[in-house]
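J.: Provided herewith is a single structure, encoded as structure tokens, for subsequent inquiry.
Values in this text are rule-based calculations from the coordinates and carry no lab data. In this text the structure is predicted, and so the values were computed from the model without any measurement. Because the Cβ atoms are built from the backbone with ideal geometry, glycine has one as well, and the counts that use them run over all protein chains shown.
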Amino acid sequence: MLKQTVALILLAFLPAIGEAIYYRHKVSWQSPVPASETVTVDLARSWGDNAIWVDARPDNEFERDHVPGAIRLNEDRWNELLGPFLATWSPEKKIVVYCSTQSCNLAIEVARRLRNEAQIKDVFVLQGGWEEWLKKK
Amino acid sequence: MNTVSTINYQLSTERPFVWRIVDLIIGGLFIYAGILKALDPMRFAVDIDNYKTVPWFIGVRLAFYLPWLEILCGLALITRKLYLGGLSILAALTSIFIMATVVAKARGLDITCGCFGHASKYLSFAGHLALDLAILAALLVSIFSARKPSEVLPRQSVLFR
């Protein structure tokens, strides 16, 4: 059994390495989001009307409070909310996506889907998320 | 004598058939889950990161490796090549996953396991746990029942059985 286990463990490296090579330029290997795809609260605020704020948190958290003017777009209701979001979007505007904290991944997922599925380029994840925005309110 | 040989015959034909079905179901399940994750490794990397148990640079590498391990182990169950190895790896992976899920829940983390892509979202924590425990039980029983015949097999056939 041990030999078979080792054989399978080693065999799995072959396709995994192949896939990793294929994706090597599309993956952020050191952090969930490359630094170039994140934005600080101060910088995002300085964009003013040229930025669209996107709230990736669940509905109940959005309804409790959110960044003024933010648009709700979360993964739970992606198909339903994407249309209204795209209606407000224009190519010259930057998108700032946030979720609760620095460690939450909802904003990363929404930003990734906006880039991949909606083909929007200027999408940034807010560093520190909603918590950081509250601190600098 | 006749009675004994009839009993032996029934045991050696019916039991493998039942376990063959179990192998096909579990093998197919892991192949399906592996393919879903292999098609979108970044999403799986984020799912791993949600558990907050390993740093990102390890999680993202696991996201490329684990789906292929699942697929190969699933194929091992279906083709019965490297069969015991496949069973033991899947049992170990399932056990680790169950522990990670329980720990994450205890820490109050809001997680989706990502095991079956978007479909995972519609399973509750209890649903996930029940499914995983059922899979683990089937794997452990398969290991236990498969190990017995191997003791009488010739030595050279053990690796690629």
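J.: Stretched out fully, how many nm does the piece from A:S36 to A:K3 gain, at 0.36 nm a residue minus the Cα gap?
T.: Computed gain between A:S36 and A:K3 is 7.4 nm.
J.: Principal axis lengths of the protein assembly as shown from Cα atoms, whole Å, largest first?
T.: Sorted largest first, the three principal extents are 90, 37, 32 Å.
J.: So, in Å, what gap is there between the alpha-carbon centers of region B:47-91 and region A:1-68?
T.: Centre-to-centre (Cα) distance: 20 Å.
J.: Rounded to the nearest 0.05, what FRET efficiency do B:R20 and B:A130 give with R0 = 22 Å and r taken as the Cβ-Cβ distance? Could you check?
T.: E between B:R20 and B:A130, to the nearest 0.05, is 0.35.
J.: At 7 Å along the Cα-to-beta-carbon direction for both A:K135 and B:S145, put a label point, then send me their distance in nm to one decimal.
T.: Between A:K135 and B:S145, the label points sit 5.7 nm apart.
J.: Something else about it: What number, rounded to the nearest 500 deg cm²/dmol, is the helix-based mean residue ellipticity at 222 nm of the protein assembly as shown, given -39500 (n - 2.57) per DSSP H run of at least four residues and division by all its residues?
T.: After summing the helix terms and dividing by residue count, I get -20000 deg cm²/dmol.
J.: If I take every Cα pair under 8 Å that is 6 or more residues apart in region A:1-95, average their sequence separation and divide by the length, what percent do I get for the relative contact order?
T.: So the answer I get is 22 percent.
J.: Given contacts defined as C-alpha pairs under 8 Å and at least six residues apart, what's the relative contact order of region B:14-147, whole-number percent?
T.: Relative CO of region B:14-147 lands at 29 percent.
J.: While we're on this one: Please find the FRET efficiency linking A:E63 to B:I98, where r is the Cβ-Cβ separation and R0 is fixed at 45 Å, and quote it to the nearest 0.05.
T.: Efficiency for this residue pair is about 0.85.
J.: Compute the convex hull volume of the Cα atoms of chain A, divide it by the residue count, and report the result per residue in Å³ as a whole number.
T.: Residue-normalised Cα hull volume stands at 154 Å³.
J.: Principal axes first, then extents: for the Cα atoms of region B:14-147, list largest minus smallest coordinate on each axis, whole Å, largest first.
T.: Result, largest extent first: 45, 27, 23 Å.
J.: Could you order the peptides A:94-100, A:42-48, B:48-54 from most to least packed, using the average number of other C-beta atoms within 10 Å per residue?
T.: Highest to lowest by the protection proxy: A:94-100, B:48-54, A:42-48.
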